[in-house]
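First comes the structure, then the notes that go with it.
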Amino acid sequence: MVGRRKALLFSLCFFFLSLPCFSSLPSFQTLIPNSHSLPSASPISFQPDSESDSESLLGSEFESGSDSASSITLNLDHIDALSSNKTPQELFSSRLQRDSRRVKSIATLAAQIPGRNVTHAPRTGGFSSSVVSGLSQGSGEYFTRLGVGTPARYVYMVLDTGSDIVWLQCAPCRRCYSQSDPIFDPRKSKTYATIPCSSPHCRRLDSAGCNTRRKTCLYQVSYGDGSFTVGDFSTETLTFRRNRVKGVALGCGHDNEGLFVGAAGLLGLGKGKLSFPGQTGHRFNQKFSYCLVDRSASSKPSSVVFGNAAVSRIARFTPLLSNPKLDTFYYVELLGISVGGTRVPGVAASLFKLDQIGNGGVIIDSGTSVTRLIRPAYIAMRDAFRVGAKTLKRAPDFSLFDTCFDLSNMNEVKVPTVVLHFRGADVSLPATNYLIPVDTNGKFCFAFAGTMGGLSIIGNIQQQGFRVVYDLASSRVGFAPGGCA
């Protein structure tokens, strides 16, 4: 019994270094290169086309048509699943291009802090100019399938912690991009309703547009890459695994253009009041979590949980910080980084400080792939890793990665450990979360990058395998290892 308890505490110490340990922390861990390869476009894990199809596929976990389930679990698929005609190398290249656009636009938004998501309306109705949300939608990297309207019409929706507005393409469509399902027609739904310009929902938009003829609320979201969606701000019923969530305020987009990928729209999971968690806090107790699998080594689907079941008992939590001028992003306090069991001297908490006017800081983001650190911190961390990995054969740089290795024909290698020290939650990353394959010839690269801006972003590659818990009721974010099992 004592031996098992000791082993358990050491295991927890390995992931969360704030617990006392029985022995010194490891400086190295093993990576098995041959077990990891560039992810391919794996089949979508679920594809119900009607409410009855959904019921037969998902079994009887919840009562059919329930309005009161306290927790809901959904599968997530990576956006690559909608590009089955591309090779793994092409998919990875596209992912890095999306990532670059997203990081640039998030950094622009964080620097300007212009407001939330929607624009001023001119006196004649419509919109005078767009407020950039800062996100490049290609943006959210994961999507799920849910029902919209009554009867429910099932569509794919991208989930994104960096966006607040829920929206989807709607008929009649003046200009719409190609999506994998028929475009939702609100005229065929019994529960669709436009929102009056004078309603509280419309007033929650930073500056709402108004159709002066119909006196109904309008929305417009413009993304950092030039993409945009415009239409009616309305309420509708969403169905998740046969569980209805009524009266969700969403954008019904009649003019949608840009670099959108396959899905019908976006389910915003940001920290703002109009995001899905912000609107449904009473239903799901302001809690949700996700676990993103390492697609280079597993074919299991990722998952998202809404409600009390989202909170893992072994998660270690760090407090959320508030940006006084921008409420969408999830800011946390990063105190330092360890490489090879030793704190990196050049990575001080002051480098990641969120100041009083909203500059700097660190956010957790599901739609960014590669973690970006303010450049002085990145250089210090990278140099420490290079010293620890000096026995590995170096390879040329690749794209944004400046520390790469030739691991071809190697069964296993020892690599320095990497630990992110958040306030209250010191998280030790598996080797596969920071040394990743970038081609099919055995080249692996250190999956961090520097940024010239003041904002640092913890991306989804580093989050893989952890259940990341957003407990908004307690204003905290948690990390639980092995959460995808």
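The values are calculated or read from the model by the stated rules, or taken from the named source; none is laboratory data. Everything numeric here is computed off the predicted structure, so don't read it as measured data. Counting neighbours? That spans all protein chains shown, and the Cβs are built from the backbone with ideal geometry, glycine included. For the accessible areas, the whole protein counts, side chains as well, though only heavy atoms, and no ligand, DNA or RNA atoms are used. Shrake-Rupley method; radii C 1.70, N 1.55, O 1.52, S 1.80 Å.
What the table below lists for this structure:
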read-out	value
Span from the the stretch 252-304 Cα centroid across to the the stretch 190-239 one, whole angstrom	19
Over 26 Å between alpha carbons, listed pairs Lys353/Lys443; Lys104/Lys246; Lys273/Lys300; Lys215/Lys246	Lys353/Lys443; Lys104/Lys246; Lys273/Lys300
Contact order normalised by residue count of the stretch 209-276, Cα under 8 Å, 6+ apart, percent	24
Accessible heavy-atom area order of Asp355, Asp439, highest first, probe of 1.4 Å	Asp355, Asp439
Loop trypsin sites (Lys or Arg not before Pro), the stretch 341-392 (other Cβ atoms within 10 Å of the site Cβ: 10 or fewer; DSSP)	Lys390
Surface accessible to a 1.4 Å probe, per residue, for the residues of the stretch 353-485, Å²	33
With every protein chain in place, the stretch 326-440: carbon and sulfur % of accessible area (1.4 Å)	52
Carbon/sulfur fraction of accessible area - the stretch 145-293, other protein chains in place, 1.4 Å, %	50
Proximal charge balance of Thr229 [Cβ under 9 Å; K/R count +1, D/E count -1]	-2
In the stretch 245-302, trypsin sites (Lys or Arg not before Pro) in a DSSP loop with at most 16 other beta-carbon atoms within 10 Å	Lys273
Rounded to the nearest 10 Å², the accessible area of Arg175 at probe 1.4 Å	120
Sequence of Met381, Met452 when ordered by accessible area, the most exposed leading, probe 1.4 angstrom	Met452, Met381
